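The values are calculated or read from the model by the stated rules, or taken from the named source; none is laboratory data. Computed from a predicted structure; not experimentally measured. As a convention, Cβ positions derive from the backbone with ideal geometry for all residues, glycine included, and neighbour counts pool all protein chains shown.
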Amino acid sequence: MKKAAIAIFSLCCVSLGTLLGSSLTVGTDNAANDFPFSGPFYGYAGTDYQEAYASSDFSGPIEITGIDFFLGDGFTGNLYSGTYTLSLSIISSGIGSLSSTNLSGNLGSDDTVFETVALSGAAPGTLTFTGTPFLYDPSLGNLLLDISVAGGSGVGSTGVAYEDNNGVGTQVARYQNFGGGNGDGFGMVTEFDSNSGAAVAPEPATLSWLLGCGLAGLLFRRSRRQTC
């Protein structure tokens, strides 16, 4: 009985740690992507970048509190200066079937601003955005990240590039007016952070599980006392 209690208690501790804080990386580093943090190519507007993530990338609901991108190997330089607004929404469309021209039409009805921030200066190895928590439930549809850029300065790409899928696989897709190369398989490698277990009330099933953890802990303590 003691061994069973130890096993249950250990499993509960792992699950509780996942609830309180975790991260998930979507995409594979196959190349590097200039857009949007290096600015537009010549002749392009460079005002809106979108990346769609398949619901199958996520094992369950996640409250997104941070979004990270990773500088490609060998790339240095400055970010494209401007004010970046990141928003998140849930979409019913397949990630490879969005519009490359009507970007606003791709947004979900729950489109929510995650963070607005002015960027400039040297590109960091990990570019991190920390904003208003967004609860994403993959059972409701795919996830869309929209990055709009206002007041961008400079003409042409700065040469900075972040890790990108480079058209491989079906985990991510991108749509933007910074240059060419849209559709399924394109898009930056993205890490979603979640560290807000206390901010979301547990579902009834989760609450029952946590109560079970407490019971397992009590059984373990009683077993230890009886065998000492």
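For the reader, a short list of remarks on this structure follows.
- The number of residues in segment 98-121 being closer than 16 Å to VAL149 by Cβ and in a strand (DSSP E or B) comes to 7.
- Restricting attention to segment 66-97 and to residues that are of a type in the set (Phe, Trp, Tyr) and assigned to a strand (DSSP E or B), the residue that is nearest to ASN142 (Cα to Cα) turns out to be PHE69.
- Flag if THR158 is over 24 Å from the mean Cα position of the chain (by Cα), in the same structural domain as PRO36 (by TED's automatic domain parsing) and modelled with pLDDT of 80 or more: yes
- In this structure, SER93 does not satisfy being modelled with pLDDT of 95 or more and farther than 22 Å from GLY167 by Cβ.
- Members of segment 151-184 that are within 19 Å of PHE58 (Cβ to Cβ) and either of a type in the set (A, V, I, L, M) or in a loop (DSSP other than H, G, I, E, B) (or both): ASN165, GLY169, THR170, GLN171, VAL172, ALA173
- Residue within segment 138-150 that is free of Cβ contacts under 8 Å to residues at least 24 places away in the same chain and part of a loop (DSSP other than H, G, I, E, B) present: no
- Test: residue in segment 41-48 that is buried (at least 22 other Cβ atoms within 10 Å of the Cβ) and assigned by TED's automatic domain parsing to the domain that holds GLY180: yes
- Cross-chain or 6+ apart pairs with Cβ under 6 Å, segment 39-56 first and in a loop (DSSP other than H, G, I, E, B), then among the aromatic types (Phe, Trp, Tyr) and buried (at least 16 other Cβ atoms within 10 Å of the Cβ): GLY39/TYR80; PRO40/PHE178; TYR44/PHE178; GLY46/PHE178
- Cβ separations smaller than 6 Å between residues 6+ apart or across chains give the following pairs from segment 171-192 residues that are farther than 14 Å from VAL26 by Cα and of a type in the set (A, V, I, L, M, F, W, C) to residues that are surrounded by fewer than 24 Cβ atoms within 10 Å (Cβ to Cβ) and at pLDDT below 95: PHE178/TYR44.
- Top-ranked residue of segment 149-194 - restricted to ones that are more than 18 Å from ALA123 (Cβ to Cβ) and charged (D, E, K, R), ranked as surrounded by the fewest Cβ atoms within 10 Å (Cβ to Cβ): ASP193
- Selection of segment 109-126 for residues being over 18 Å from ASP48 (Cβ atoms) and not small (Gly, Ala, Ser) yields ASP110, PRO124, THR126.
- Of the residues making up segment 172-190, just one is polar (S, T, N, Q) and under 16 Å from the mean Cα position of the chain (by Cα), namely THR190.
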